[in-house]
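Below is one structure, written out as structure tokens; comments come after it.
The values are calculated or read from the model by the stated rules, or taken from the named source; none is laboratory data. Remember, predicted model here, so these are calculated numbers, not experimental data. Every residue, glycine as well, gets a Cβ built from its backbone with ideal geometry; the counts of neighbours run over all protein chains shown. Heads up: the accessible areas ignore ligands, DNA and RNA and are worked out on the full protein's heavy atoms, side chains in. Shrake-Rupley method; radii C 1.70, N 1.55, O 1.52, S 1.80 Å.
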Amino acid sequence: MDLDQLDPDRIPTHVALVMDGNGRWAQRRGLPRTDGHAAGEEALLDTVRGALDAGIRWITVYAFSTENWKRPAEEVRFLMGFNERLLLGRRDELHEKGVKVQFIGRRDWRVPRRVLRHITETEEMTKDNKVMTLSLAFNYGGRAELVDAVNSILEDGVKPGKVTERTIRKHLYDPSMPDPELMVRTSGEYRISNYLLWQLAYSELVFTDVLWPDFRREDLFDAIGQYQQRERRFGGIENTG
Ligand code: IPE
Ligand code: IPE
Ligand code: MG
């Protein structure tokens, strides 16, 4: 689908993506799984550029889950280094385009120190950018985020009975992040896989068979086209918004 086929008044503010299917993409070509991850870089860049053209303000992508540590050490090592190289290689372009790049996830001992340093540097470099926020969910788990939120609420000394939905939101990794109106998962898997559990409560879900390395801006626009056909009710009975 082309951008001009979309309703410009109903472009989602925030689109969350699960970049899945890199391993299968590579396997189908007789390549090592890691080549699939590498091929996903172009998909991400094209998607972000398309999102900028569409005027989307927030993009969040699932880059590495808290469960992905279960993979073979070699693949984990590749993914750590790959995300770091992607960051270093693309941050100037993203910065020029006014993209604020941030990481959501656990910055724990398992993430190599150098990768953490580059994450902090990139966040610092792009922190005042206003065109779009690109959040990389890295060492991210929705349950881990909620556990971290609860611990941080307790540390603040909030009394039992005083916790509200607002309290929880304030303690998420990025309290200013609006809930995604749309979540897109590639590769024909129909799961959430521990992604943005709190934030996806009322998101429209779109699943596509396209494998992530083949995903391009047109696929993003297709997903937005599907989203624009949906009627969002939020538990009410008619679409008033
Ligand atoms: C998604 O692709 C990337 C990460 C999870 C890091 P996969 O590596 O999960 O690819 P498949 O699902 O095995 O094809
Ligand atoms: C979800 O994909 C995580 C990322 C895309 C980073 P997975 O491939 O890890 O999810 P499952 O194992 O199929 O649920
Ligand atoms: Mg997968």
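In the stretch 1-50, which residues are within 14 Å of the chain's Cα centre (by Cα) and open to solvent by 50 Å² or more (accessible area, probe 1.4 Å)?
13
With the requirement that a residue be open to solvent by 40 Å² or more (accessible area, probe 1.4 Å) and under 15 Å from residue 59 (Cβ atoms), what does the stretch 75-90 give you?
90
Looking only at residues that are away from ligand 3 (no atom under 16 Å from the Cβ) and outside any loop (DSSP other than H, G, I, E, B) in the stretch 177-212, which one is nearest to the chain's Cα centre (by Cα)?
Here the answer is 182.
Return a yes/no flag: does the stretch 82-102 have any residue that is closer than 18 Å to residue 195 by Cβ and in contact (Cβ under 8 Å) with a residue 60 or more places away in the chain.
yes
Does at least one position in the stretch 12-23 carry a residue that is touching a residue at least 24 places away in the same chain (Cβ under 8 Å), in a helix (DSSP H, G or I) and in contact with a Gly (Cβ under 6 Å, 6 or more places away or on another chain)?
Yes, the stretch 12-23 contains a residue that is touching a residue at least 24 places away in the same chain (Cβ under 8 Å), in a helix (DSSP H, G or I) and in contact with a Gly (Cβ under 6 Å, 6 or more places away or on another chain).
Restricting attention to the stretch 160-167, does a residue exist that is of a type outside the set (Ser, Thr, Tyr), modelled with pLDDT of 95 or more and open to solvent by less than 40 Å² (accessible area, probe 1.4 Å)?
No, that holds for no residue.
Could you check, for the stretch 152-175, whether at least one of its residues is away from ligand 1 (no atom under 16 Å from the Cβ), under 30 Å from residue 27 (Cβ atoms) and either assigned to a helix (DSSP H, G or I) or not aromatic (Phe, Trp, Tyr) (or both)?
no
It is to be established whether one or more residues within the stretch 80-100 are in contact with a helix residue (DSSP H, G or I) (Cβ under 8 Å, 6 or more places away or on another chain) and within 16 Å of ligand 3 (Cβ to nearest atom).
Yes, the stretch 80-100 contains at least one residue that is in contact with a helix residue (DSSP H, G or I) (Cβ under 8 Å, 6 or more places away or on another chain) and within 16 Å of ligand 3 (Cβ to nearest atom).
Are any residues in the stretch 97-149 open to solvent by 30 Å² or more (accessible area, probe 1.4 Å), within 21 Å of residue 80 (Cβ to Cβ) and either of a type in the set (Ser, Thr, Tyr) or in a helix (DSSP H, G or I) (or both), and if so, which ones?
Once the filter is applied, which keeps residues that are open to solvent by 30 Å² or more (accessible area, probe 1.4 Å), within 21 Å of residue 80 (Cβ to Cβ) and either of a type in the set (Ser, Thr, Tyr) or in a helix (DSSP H, G or I) (or both), the stretch 97-149 yields 113, 114, 116, 117, 120, 121, 123, 124, 125, 148.
What residue, of 79, 44, is farther than 30 Å from residue 230 by Cβ and within 15 Å of ligand 2 (Cβ to nearest atom)?
After ruling out the rest, the residue left standing is 79.
When you scan the stretch 59-71, how many residues do you find that are crowded, with 18+ Cβ neighbours inside 10 Å, out of contact with any Gly (no Cβ under 7 Å at 6 or more places or on another chain) and among the polar types (S, T, N, Q)?
1
Kindly establish whether residue 224 is over 27 Å from residue 52 (Cα atoms), among the aliphatic types (A, V, I, L, M) and outside any loop (DSSP other than H, G, I, E, B).
no
Exactly one of these conditions fails for residue 184: (1) crowded, with 17+ Cβ neighbours inside 10 Å; (2) over 28 Å from residue 67 (Cβ atoms). Give me its number.
Checking residue 184 against (1) crowded, with 17+ Cβ neighbours inside 10 Å; (2) over 28 Å from residue 67 (Cβ atoms), the one that fails is (2).
Taking the stretch 227-239, which residues are touching a Phe, Trp or Tyr at 6+ places or on another chain (Cβ under 6 Å) and under 15 Å from residue 51 (Cβ atoms)?
none
Might you let me know whether the stretch 51-58 holds any residue that is in a helix (DSSP H, G or I), more than 16 Å from ligand 2 (Cβ to nearest atom) and open to solvent by less than 10 Å² (accessible area, probe 1.4 Å)?
Within the stretch 51-58 (the criterion being in a helix (DSSP H, G or I), more than 16 Å from ligand 2 (Cβ to nearest atom) and open to solvent by less than 10 Å² (accessible area, probe 1.4 Å)), the answer is yes, since at least one residue qualifies.
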